[in-house]
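K.L.:
Mind looking over this structure? Questions follow.
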DNA sequence: AATATTGGACACTGGCACTATCTAATGTCA
DNA sequence: TGACATTAGATAGTGCCAGTGTCCAATATT
C-alpha cells in the first residue's frame with residue numbers, strides 16, 4: 001500500500017488535480033484518509049481506480065454517471081452485477097442523450113423471447129438486455145434492414161462459444177482485484193476489442209470479395 | 001417519390017421542424033427542391049435519411065459529426081466505405097471527447113499484427129482498426145487485465161464465422177437502398193445487437209455457474 | 001517566519017445538440 | 001383580393017456534460 005499525497009496521485013494517474021477533485025466530488029473516487037483539515041493520504045488503490053475510470057470513459061465510451069453506478073456496484077456486493085451492467089447498458093440503446101427510452105414493440109420482444117428459447121439461455125424476464133435487444137431490432141426495422149433469424153442465431157452461437165472462454169479467462173491472473181471488478185472489466189472493456197475484430201473481419205471479407213470481383 | 005412540405009416531413013419523421021432545419025444546416029440532410037424563396041419540396045428519401053440519422057445516433061451512439069462523415073461516404077462513392085467506417089470507429093477508442101488519441105504501444109501493435117497473421121486476414125496496414133484494437137489492449141493492460149491470445153483467437157474465430165452470414169444477408173432484400181448504405185447499417189446498427197447478445201450470453205453463463213455453486 | 005500544498009466551496013468554460021425567435025417571402029382559402 | 005398560416009434562412013439562447021480556474025483558510029515544509 002503505497003501512500004501518497006494529492007500531487008503524487010495526480011502524477012501517477014496522469015490526471016490534473018482539478019479533475020481528481022472533481023471525481024471525488026462526484027463520488028467516483030473514494031476520499032483519501034484525512035490526516036488533518038487540509039491533507040489526505042491516498043494509496044495505489046486510488047491510482048488503480050482512476051485508471052479504471054479513464055478506461056471506462058475512453059475505451060468503453062461511458063458517461064461519468066454510468067461509471068459511478070458501475071463502481072458503486074463493484075464496491076457494494078449487495079448490488080448484483082447484472083443489475084449494474086443492465087443499467088449501464090441502457091446507454092447504447094435509447095436514452096443515449098435525453099431521448100426518452102421508448103418501449104420496444106411487442107413483435108420484437110416476442111422475437112427476443114423466441115431467440116432465447118431457441119438458445120436455451122436463462123436470461124431473467126425483466127433483464128434490461130431483453131428490452132435493449134428488442135429496441136435495437138426495432139431500429140433496424142425502421143431503416144428497412146430487418147435482421148434474419150439466421151443471423152441472430154449465428155450471433156448467439158458465436159457469443160455462446162466466446163462466453164465460455166471469457167469466464168475461463170476471468171479467473172486466470174492473481175487476485176489483486178475483486179471478482180466483480182474483473183467481471184465488469186471483462187464485460188465492458190472487451191466490447192471494443194470484440195467490435196474492432198468484427199470490423200476487421202468485415203474489412204477482410206469485403207476486401208476478399210472485391211478482390212474476386214475485380215480480378216482484371 | 002412522395003413529395004411533401006416541411007411540416008409533413010416533420011410529422012412523418014417524428015422530429016421537430018427546428019431539429020430538421022438544424023440537420024439541414026449541418027449538412028446531415030440534403031436540401032429539398034426549392035420551389036421558391038420560402039418553400040421546398042421533400043420526398044420519402046428525406047424521411048428515410050432522417051430515420052437513418054436517428055438510428056445512428058440513438059442505437060449506435062454516434063455523434064452528429066460522425067454521422068455526417070458516414071452519410072457523406074454513403075452518398076459519395078469516391079470515398080471508400082472502409083475509410084468512412086474507420087473514421088467513425090475512432091469514436092470508440094480514444095478521442096471520445098477531446099482526449100488526444102495517443103498512439104498505441106509498440107507491443108500491442110505487434111500483437112495485433114501477429115493476431116491478423118494467425119487469422120490470415122487481409123487488413124490494410126494503415127487501417128484505423130489496427131490502432132483502435134492496439135489501444136484497447138493497452139487500456140486493458142493499464143487496469144491489469146491483460147487479454148490472452150486464446151481469447152483473442154476465439155473472438156477472431158467467432159467474428160469470422162459471423163462475417164460470412166452478415167455478408168450473405170447484405171444482399172437479401174430489395175434494392176431500395178444503395179449497397180453502401182446497407183453496408184453501413186449492417187456494420188453500425190448491428191453492433192448493439194451483437195453486444196447485447198454477448199451480455200445475455202454472459203448473464204446466462206454466470207447464472208448457470210452460480211447455479212452450480214449455490215446448489216444447496 | 002516564509003513558502004508551498006491541500007481540501008473544500010463555488011464560479012466559469014467549451015463542446016454538443018438542439019430550441020426559440022425573428023423577418024421577409026410566399027402559399028392558401030374565403 | 002385580402003387575411004392568415006407556413007416556410008427558408010439567419011441568429012441567438014438553452015440545458016447538459018465534463019471538466020477548469022480561482023479563492024480561502026488550514027496546515028506542512030524549510
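K.L.:
Select from region B:13-55 the residues that are within 12 Å of DNA strand D (Cβ to nearest atom) and within 14 Å of chain A (Cβ to nearest Cβ) and write down the one among them that is surrounded by the most Cβ atoms within 10 Å (Cβ to Cβ).
P.N.:
The qualifying residue surrounded by the most Cβ atoms within 10 Å (Cβ to Cβ) is B:46.
K.L.:
A further question follows. For region B:35-64, give me each residue that is within 10 Å of DNA strand C (Cβ to nearest atom), free of Cβ contacts under 8 Å to residues at least 24 places away in the same chain and assigned to a helix (DSSP H, G or I).
P.N.:
Listed by number, the residues that qualify are B:57, B:58.
K.L.:
While we're on this one: Given the conditions (1) farther than 21 Å from residue A:187 by Cβ; (2) more than 16 Å from DNA strand C (Cβ to nearest atom), which single one is not true for residue A:15?
P.N.:
Every listed condition holds for residue A:15 apart from (2).
K.L.:
Which one is surrounded by the most Cβ atoms within 10 Å (Cβ to Cβ), of the residues in region B:1-12 that are within 23 Å of residue B:74 (Cβ to Cβ) and more than 9 Å from DNA strand D (Cβ to nearest atom)?
P.N.:
B:12
K.L.:
Looking at (1) modelled with pLDDT of 90 or more; (2) surrounded by fewer than 19 Cβ atoms within 10 Å (Cβ to Cβ), can you tell me which one residue A:173 breaks?
P.N.:
So residue A:173 meets the others, but not (1).
K.L.:
Residue by residue through region A:117-136, note down the ones that are at the interface with another protein chain (Cβ under 7 Å from one of its Cβ atoms) and outside any loop (DSSP other than H, G, I, E, B).
P.N.:
Answer for region A:117-136, where residues must be at the interface with another protein chain (Cβ under 7 Å from one of its Cβ atoms) and outside any loop (DSSP other than H, G, I, E, B): A:129, A:132, A:133, A:136.
K.L.:
Six or more apart or on different chains, Cβ atoms under 9 Å: show the pairs whose first residue is in region B:181-206 and at positive phi and whose second is part of a helix (DSSP H, G or I) and modelled with pLDDT of 90 or more.
P.N.:
Going by the 9 Å Cβ cut-off, there are no qualifying pairs.
K.L.:
Taking the conditions exactly as written (assigned to a loop (DSSP other than H, G, I, E, B) and either free of Cβ contacts under 8 Å to residues at least 12 places away in the same chain or more than 21 Å from residue A:189 (Cα to Cα) (or both)), does residue A:30 satisfy them or not?
P.N.:
Working: assigned to a loop (DSSP other than H, G, I, E, B): yes; either free of Cβ contacts under 8 Å to residues at least 12 places away in the same chain or more than 21 Å from residue A:189 (Cα to Cα) (or both): yes.
In short, yes.
K.L.:
So, one more: Does region A:56-70 hold any residues that are more than 14 Å from chain B (Cβ to nearest Cβ) and more than 11 Å from DNA strand D (Cβ to nearest atom), and which are they?
P.N.:
A:69
K.L.:
So for region A:87-101 (the condition being under 21 Å from residue B:58 (Cα atoms), away from DNA strand C (no atom under 16 Å from the Cβ) and either modelled with pLDDT of 75 or more or touching a strand residue (DSSP E or B) at 6+ places or on another chain (Cβ under 6 Å) (or both)), does at least one residue qualify?
P.N.:
So far as region A:87-101 goes, no, none of its residues is under 21 Å from residue B:58 (Cα atoms), away from DNA strand C (no atom under 16 Å from the Cβ) and either modelled with pLDDT of 75 or more or touching a strand residue (DSSP E or B) at 6+ places or on another chain (Cβ under 6 Å) (or both).
K.L.:
Separate question: For region A:71-79, state whether one or more residues are at pLDDT 95 or above, crowded, with 16+ Cβ neighbours inside 10 Å and away from DNA strand D (no atom under 15 Å from the Cβ). If you could, list the steps in order and put the result at the bottom.
P.N.:
In the first step, residues of region A:71-79 are kept if they are at pLDDT 95 or above; the result is none.
No, that holds for no residue.
K.L.:
Here's something else I'd like to know. Just checking, how many residues over region B:2-26 are in contact with a helix residue (DSSP H, G or I) (Cβ under 7 Å, 6 or more places away or on another chain), under 22 Å from residue A:142 (Cα atoms) and assigned to a loop (DSSP other than H, G, I, E, B)?
P.N.:
3
The values are calculated or read from the model by the stated rules, or taken from the named source; none is laboratory data. Since the structure is predicted, the reported quantities are computational estimates derived from the model, not experimental observations. Quick reminder, even Gly has a Cβ in these numbers, built from the backbone with ideal geometry, and neighbours come from all protein chains shown.
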